[in-house]
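Engineer: Sharing a structure here in structure tokens format.
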Ligand SMILES: [Ca+2]
């Protein structure tokens with residue numbers, strides 16, 4: 001992310017580096033660069049993991065016995081752990097569309113993987129950048145299947161980020177990041193995953209050696225070092241723990257007793273064929289759990305490096321940190337969502353209830369577990385409130401959590417239902433109740449207060465509750481369709 005700082009050096013702002021070789025985003029203006037810093041605004045750091053299971057964070061009392069995530073746990077030890085934190089979809093792309101905008105992605109027809117990010121839907125980065133924040137994104141940016149070009153709205157520099165290093169698609173090889181491997185591969189930017197150089201601002205950046213979890217961490221720390229004195233928004237979206245889960249540095253493989261699996265080589269044929277073989281291994285046995293644990297430990301260590309950097313730079317006290325997984329654990333990686341049933345790719349709790357924590361020194365009490373329903377939709381309004389930006393409540397589907405989490409009495413913030421629709425599945429959560437319609441199955445009703453694993457269908461015993469939630473879903477669905485039609489007409 002040296003380009004912007006190099007530019008400032010030439011303006012006499014005292015940053016290291018030179019203008020030679022720099023590539024400036026085309027929409028930069030002198031006025032933007034000369035905007036005075038406002039150090040009273042809090043910084044915002046959002047760390048997103050990929051496909052992490054609900055049982056795979058040791059801060060939870062229900063965590064799986066074989067995992068330890070001491071660095072992820074630091075966030076909730078100093079802040080709030082959410083035991084009922086939901087995302088808006090059981091897969092990457094629509095979930096990310098939801099949290100980045102604070103709106104149900106169904107409002108513009110983003111039901112599966114493929115919808116775009118419409119210009120009429122502002123992202124958190126756009127809100128914050130307009131308010132004077134320096135904005136950076138590192139890692140995975142995913143708004144639909146396929147590789148997005150540098151000039152598409154789905155590319156981070158075109159929806160609010162000043163700087164970006166990562167990939168704009170749903171999956172990337174963890175290790176294969178060189179130009180040479182991309183040239184030798186018949187499908188380096190395949191439909192399902194990519195390999196080769198990372199996207200870097202308006203260009204590309206190759207790594208002859210390296211590992212994405214560590215590269216993204218290095219870049220995030222570099223961003224933090226250079227942003228002291230002005231408010232920043234940094235989003236670090238790791239591709240860990242997405243498949244290909246077996247791509248892990250050797251020291252972690254050794255520690256967890258894993259047998260290495262050879263990575264792709266062009267002599268094997270198409271990358272997509274390799275990717276599909278290891279994205280859906282059969283069976284997913286203890287071998288894969290060990291690989292998952294190795295990948296998770298590397299991820300946790302690197303999150304620790306970012307938190308350490310915040311401490312060393314004396315930024316922690318004025319930074320709101322939000323941590324969560326974009327969807328539940330995948331059935332193909334060895335993740336665990338216990339005690340929930342279901343997983344990534346379905347609307348059972350295991351697909352949409354995720355590890356979620358926040359810390360905001362001086363605003364959130366430390367060491368609190370919040371037991372009520374919250375959503376990734378709440379991230380945008382909460383961050384806007386933290387930044388002192390007037391929240392356009394009528395344009396957002398989430399809630400501002402800021403003042404609700406500050407006291408000692410933890411009351412439910414959400415009185416209205418949450419809704420999900422993904423492919424043919426849909427679900428409604430309201431209070432203790434959940435309505436669930438899976439593919440080709442009857443519509444079920446669960447009381448999650450005493451049946452968190454969704455084992456006992458109560459639809460026959462409580463037909464009035466079933467009807468209430470179904471009516472609410474149908475009304476929501478009509479609202480989403482009307483909104484989608486408006487977007488189509490724009
Ligand atoms: Ca994901």
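The values are calculated or read from the model by the stated rules, or taken from the named source; none is laboratory data. Being a predicted model, the structure only gives us computed values, none of them experimental. Reconstructed Cβ throughout: ideal geometry from the backbone, glycine too, with neighbour counts over all protein chains shown.
Engineer: Hey, any hits in region 277-286 for a residue that's more than 30 Å from residue 358 (Cα to Cα), outside any helix (DSSP H, G or I) and within 15 Å of the ligand (Cβ to nearest atom)?
Structural biologist: yes
Engineer: Output the qualifying pairs, or none if there are none: Cβ atoms under 7 angstrom, residues six or more apart or on different chains, first residue in region 134-154 and within 10 Å of residue 170 (Cα to Cα), second residue in a strand (DSSP E or B) and within 16 Å of the ligand (Cβ to nearest atom).
Structural biologist: Short answer, once both residue conditions are applied: 140/166; 140/167; 140/237; 141/166; 141/237; 147/194.
Engineer: Considering only residues that are closer than 22 Å to residue 319 by Cβ and away from the ligand (no atom under 16 Å from the Cβ), look in region 100-127 and name the one that is surrounded by the most Cβ atoms within 10 Å (Cβ to Cβ).
Structural biologist: Checked region 100-127; the qualifying residue surrounded by the most Cβ atoms within 10 Å (Cβ to Cβ) is 102.
Engineer: So, residue 180, is that one assigned by TED's automatic domain parsing to the domain that holds residue 225 and over 23 Å from residue 395 (Cα atoms) or not?
Structural biologist: yes
Engineer: Condition check: within 15 Å of the ligand (Cβ to nearest atom) and surrounded by fewer than 24 Cβ atoms within 10 Å (Cβ to Cβ). Does residue 365 satisfy that?
Structural biologist: Taking the combined requirement at face value, the residue does not satisfy it.
Engineer: What are the residues in region 84-99 that are more than 9 Å from the ligand (Cβ to nearest atom), under 16 Å from residue 123 (Cα atoms) and either touching a residue at least 60 places away in the same chain (Cβ under 8 Å) or in a loop (DSSP other than H, G, I, E, B) (or both), if any?
Structural biologist: 88, 94, 98, 99
Engineer: Looking for something exposed (fewer than 12 other Cβ atoms within 10 Å of the Cβ) and touching a residue at least 12 places away in the same chain (Cβ under 8 Å) - is there at least one such residue anywhere in region 373-387?
Structural biologist: No, region 373-387 contains no residue that is exposed (fewer than 12 other Cβ atoms within 10 Å of the Cβ) and touching a residue at least 12 places away in the same chain (Cβ under 8 Å).
Engineer: Quick check on region 40-81: of everything there that is touching a strand residue (DSSP E or B) at 6+ places or on another chain (Cβ under 9 Å) and in a helix (DSSP H, G or I), which residue is farthest from the ligand (Cβ to nearest atom)?
Structural biologist: For region 40-81, the residue satisfying everything is 77.
Engineer: Would you mind finding the one in 334, 350 that is within 16 Å of the ligand (Cβ to nearest atom) and outside any loop (DSSP other than H, G, I, E, B)?
Structural biologist: Result of the check over 334, 350: 350.
Here's the yes/no breakdown for (1) farther than 16 Å from residue 340 by Cβ; (2) in the same structural domain as residue 340 (by TED's automatic domain parsing):
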{"site": "382", "(1), (2)": "yes, yes"}
{"site": "399", "(1), (2)": "yes, yes"}
{"site": "403", "(1), (2)": "yes, yes"}
{"site": "432", "(1), (2)": "no, no"}
{"site": "441", "(1), (2)": "yes, no"}
{"site": "453", "(1), (2)": "no, no"}
{"site": "456", "(1), (2)": "no, no"}
{"site": "459", "(1), (2)": "yes, no"}
{"site": "465", "(1), (2)": "yes, no"}
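Engineer: I've got another one for you. Condition first: more than 23 Å from residue 434 (Cα to Cα) and assigned by TED's automatic domain parsing to the domain that holds residue 61. Can you find one or more residues in region 322-329 that meet it?
Structural biologist: Looking through region 322-329, at least one residue is more than 23 Å from residue 434 (Cα to Cα) and assigned by TED's automatic domain parsing to the domain that holds residue 61.
Engineer: Please go through region 128-145 and pick out each residue that is within 24 Å of residue 485 (Cα to Cα) and surrounded by 19 or more Cβ atoms within 10 Å (Cβ to Cβ).
Structural biologist: Scanning region 128-145 gives 142, 143, 144.
Engineer: Restricting to region 162-184, and then to whatever is within 16 Å of the ligand (Cβ to nearest atom) and part of a strand (DSSP E or B), can you tell me which residue is nearest to residue 240 (Cα to Cα)?
Structural biologist: 172
Engineer: Can you tell me which of 157, 198 is touching a helix residue (DSSP H, G or I) at 6+ places or on another chain (Cβ under 8 Å) and either farther than 25 Å from residue 306 by Cβ or assigned by TED's automatic domain parsing to the domain that holds residue 269 (or both)?
Structural biologist: Every option except 198 fails the conditions.
Engineer: Report the residue count in region 173-198 for those that are in contact with a strand residue (DSSP E or B) (Cβ under 6 Å, 6 or more places away or on another chain), surrounded by 23 or more Cβ atoms within 10 Å (Cβ to Cβ) and at pLDDT 95 or above.
Structural biologist: 2
Engineer: OK, next. I need the full set of residues from region 128-153 which are more than 16 Å from the ligand (Cβ to nearest atom), within 28 Å of residue 41 (Cα to Cα) and not in a strand (DSSP E or B), in order please.
Structural biologist: Listed by number, the residues that qualify are 128, 129, 130, 131, 132, 133, 153.
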